[in-house]
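Novice: Structure below; questions to follow.
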Amino acid sequence: MNTQVGQLEVILYVPILCPRHRWDLSVRSVLECPYYLCLKNDDRSIYDTYMDVWSKRCHDVKRKRPYDYFMEQVDGMRRDGGYRSDKAGTEPMRIYKGTRWLLDGHHRAAILCALFGPKTVVPVHESDEELPKDLDQCKNPCED
C-alpha cells in the first residue's frame with residue numbers, strides 16, 4: 001500500500017517531569033518529529049536535544065546515531081531525488097496494523113517530508129507486531 005508521508009505518525013521519546021520514570025513515548029505526526037523539525041528549521045540543536053531524551057532509555061544511542069550519520073542519510077536522499085527502495089535497509093516502511101504509526105522508517109519519513117513535502121507518496125506495509133507496551137506510561141508526573 002502507498003500513503004502520503006505527511007499522513008504517517010511516529011512514536012517519539014518525550015521529555016517528562018516524573019520521579020518514577022526517566023522517559024516516555026508518545027504518538028505524534030511526522031510533521032512534529034524532531035528529525036523533520038531539525039531539517040525544516042536548519043537547527044541541529046533540535047536533533048541533539050531529542051537524542052538527549054532518547055539516551056535516557058538507550059544509553060548508547062548518541063554513539064549509534066550521530067548527527068553526521070543522519071545528515072549522510074539526508075544528503076543521500078537529496079542526491080537520489082527522494083526515496084529509493086533499492087537503498088533502504090527495510091523496504092517498504094512498516095506501520096502497526098490498523099494505524100498510521102511507523103514501526104520503522106521514522107528517519108526516512110521525516111527526511112522525505114522535509115525535503116520533498118508531506119504529499120510525497122511512500123510504500124508502507126502493515127505489520128502484525130504488537131504496539132509498544134510503554135506508550136504513554138507517564139502522565140507527568142505519574143499518579144500513584
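Novice: Lysine pairs, Cα distance under 24 Å, 8 or more residues apart or cross-chain: how many in the range 47-123?
Specialist: Values: Lys56/Lys64; Lys62/Lys87; Lys64/Lys87; Lys87/Lys119; Lys97/Lys119.
Lysine pair count for the range 47-123: 5.
Novice: Determine the gain in length on full extension of the stretch Leu37-Glu91; use 0.36 nm per residue of separation and subtract their C-alpha separation, reporting nm with one decimal. Walk me through the numbers before you get to the answer.
Specialist: Details: separation 54, 0.36 × 54 = 19.44 nm, distance 2.40 nm.
Gain in length upon complete extension: 17.0 nm.
Novice: Next question, about the same structure. Compute the relative contact order of the chain as a whole-number percentage, counting only Cα pairs closer than 8 Å that sit 6 or more residues apart in sequence. Intermediate results must be reported in sequence, preceding the final value.
Specialist: Numbers: 220 pairs, mean separation 52.6, N = 144.
Computed over the chain, the figure is 37 percent.
Novice: Hey, any idea what Rg/Rh is for the chain, computing Rh the Kirkwood way over Cα pairs?
Specialist: Values: Rg = 15.4 Å, Rh = 15.9 Å.
Using Cα coordinates only, the ratio equals 0.97.
Novice: Give me the one-decimal Kirkwood hydrodynamic radius in Å for the range 17-90, with the sum taken over alpha-carbon pairs.
Specialist: Details: mean 1/r = 0.0711 Å⁻¹.
With all distinct Cα pairs of the range 17-90 included, I get 14.1 Å.
Novice: Further question on the same structure: Would you mind working out the accessible area per residue for the chain, using a 1.4 Å probe, and quoting it in Å²?
Specialist: On the way: 8340 Å² over 144 residues.
Per residue, the chain has 58 Å² of solvent-accessible surface.
Novice: Oh, and also: Would you pull out the residues with amide H under 5 Å of Arg94's amide H, same chain only if 5 or more places away, H placed 1.01 Å from N?
Specialist: Here the answer is Leu103, Asp104, His125, since their amide H atoms fall under 5 Å of that of Arg94.
Novice: I've got another one for you. Give or take rounding to whole Å, what are the principal axis extents of the alpha carbon atoms in the range 91-139, in descending order?
Specialist: 34, 26, 15
Novice: Pick out, from Gly76, Leu25, Pro118, the residue whose Cα sits farthest towards the positive end of the charge dipole of the chain, with +1 on the Cβ of Lys and Arg and -1 on the Cβ of Asp and Glu.
Specialist: Going by the charge dipole, the pick is Gly76.
Novice: Could you go through the range 126-138 in sequence order and give the Karplus-derived ³J(HN,Hα) for each residue, using 6.51 cos²θ - 1.76 cosθ + 1.60 with θ = phi - 60°, rounded to whole Hz, and x for Gly and Pro?
Specialist: 6, 10, 8, 4, 6, 5, x, 7, 9, 6, 6, 6, 10
Novice: Carbon and sulfur atoms: what percent of the 1.4 Å accessible area of the chain do they account for? Spell out each step's value before the answer.
Specialist: Numbers: 3840 of 8340 Å².
Ligands and nucleic acids excluded, carbon and sulfur reach 46 percent.
Novice: Ordered by residue, what ³J(HN,Hα) values in Hz, to whole numbers, does the range 15-26 give under the Karplus form 6.51 cos²θ - 1.76 cosθ + 1.60, where θ = phi - 60° and Gly and Pro are x?
Specialist: x, 9, 10, 8, x, 9, 10, 9, 7, 8, 10, 8
The values are calculated or read from the model by the stated rules, or taken from the named source; none is laboratory data. Computed from a predicted model, the values in this text were never measured in an experiment. Every residue, glycine as well, gets a Cβ built from its backbone with ideal geometry; the counts of neighbours run over all protein chains shown. Ligands, DNA and RNA are stripped out before the accessible areas are found, and what is left, the full protein with its side chains, is counted by its heavy atoms. Shrake-Rupley method; radii C 1.70, N 1.55, O 1.52, S 1.80 Å.
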